[in-house]
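The structure appears below as structure tokens.
Just so you know, all these numbers are worked out from the coordinates, no wet-lab data involved. Owing to the predicted nature of the structure, the values given are computational and were not obtained by experimental measurement. Please note: Cβ atoms are built from the backbone with ideal geometry, for glycine as well, and neighbour counts cover all protein chains shown.
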Amino acid sequence: MSNQRSVLRAVRAAAATGIVACLSVLTLPASPAHGAPEPFSLFADSTTPAVANWEDPAAIELGVKFQSDVDGTVSAVRFYKGNKNTGTHTGSLWTAGGDLITTATFTNETEAGWQTVTFDDPVEILADTTYVASYHTSVGFYSVTLDAFANGLSSGPLHVPGNGAGFLYGAGGFPSNASPHNYFVDVVFHKKKKPEPTPTQPAPSASASETAAPTASATVPPGNGGGGGLPVTGVNAPSLAGAGLVLAAIGGLLAWRHRRRTTRFVA
């Protein structure tokens with residue numbers, strides 16, 4: 001009886017192993033989309049200014065010059081505010097020469113911290129080209145860290161040149177006055193999405209079509225692997241699923257034969 005129980009436990013273990021292997025294929029994480037763009041900004045959400053409310057109660061436009069190493073799009077403008085920087089704020093994107101590209105009004109602002117306005121349409125920008133992002137406050141009391149841009153700043157593909165901040169007092173406009181101070185103006189940037197590689201099928205030659213039906217062939221994109229391996233995990237899904245099915249089948253067969261033998265023994 002002890003031997004029979006040992007055999008039955010081994011059979012059940014084999015079947016369970018096969019089922020787990022099959023289920024693991026179904027629950028493998030999906031690989032990320034090819035060339036999916038990532039959002040980048042000059043500052044992290046945890047970055048805060050040295051002075052949250054600078055004692056300057058005047059209407060002013062504050063900006064930052066920036067470049068990107070790659071083509072992409074700017075989808076939003078951000079700025080950091082203290083609790084005294086109240087009222088309505090607008091965010092804008094400009095060319096380096098002062099031409100307005102787009103603007104939008106901030107809504108649903110919090111009392112303090114980072115605020116974001118998303119443009120109706122993302123703005124395409126070119127690599128190694130200077131642009132200016134800005135926001136306007138009608139009450140002043142802007143946030144600042146002095147001399148933070150004296151030598152510029154780099155964050156991922158984004159770069160701010162030395163003395164790359166700008167300001168303009170008044171009702172709004174291009175912040176043309178250069179400054180080394182960081183007024184905590186930022187952008188949300190996405191790299192340009194790379195096109196998906198498409199499989200190609202060569203046309204059969206005339207001689208080949210006369211003698212035999214052409215065999216279709218396709219170029220497999222790099223990284224996909226002809227054996228079906230997943231880019232993220234490196235697991236060969238078809239092989240793993242097949243092994244799992246075989247183990248499950250063997251376990252089921254052994255269990256059936258064991259039950260038949262057990263029944264004859266009891267009888």
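What the table shows:
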| quantity | calculated |
| --- | --- |
| Straight-distance crosslink candidates among aspartates and glutamates, where the alpha carbon sits under 15 Å from LYS191 and sequence neighbours closer than 8 are dropped | GLU38, ASP69, ASP71, GLU124, ASP128 |
| Cα-based reach from LYS84 at 26 Å (exclusive), listing lysines while leaving out same-chain residues under 8 positions away | LYS65 |
| Estimated vicinal HN-Hα couplings, Hz - region 75-81 in sequence order (Karplus 6.51, -1.76, 1.60; Gly, Pro = x) | 9, 7, 10, 10, 8, 9, 10 |
| Extent along principal axes [Cα atoms of region 39-191; Å; largest to smallest] | 37, 33, 30 |
| Placed amide H near PHE141: partners under 5 Å, 5+ positions off or other chain | ASP56, ALA58 |
| Most to least packed among 57-67, 93-103 [average Cβ atoms within 10 Å] | 57-67, 93-103 |
| Magnitude of the charge dipole, region 39-191, Cβ model with Lys/Arg +1 and Asp/Glu -1, debye to 20 | 220 debye |
| For SER176, residues with placed amide H under 5 Å, excluding near neighbours | PHE167 |
| Whole-Hz couplings from phi, Karplus 6.51/-1.76/1.60, listed for region 132-142; x for Gly and Pro | 10, 9, 8, 9, 10, 10, 8, 10, x, 6, 6 |
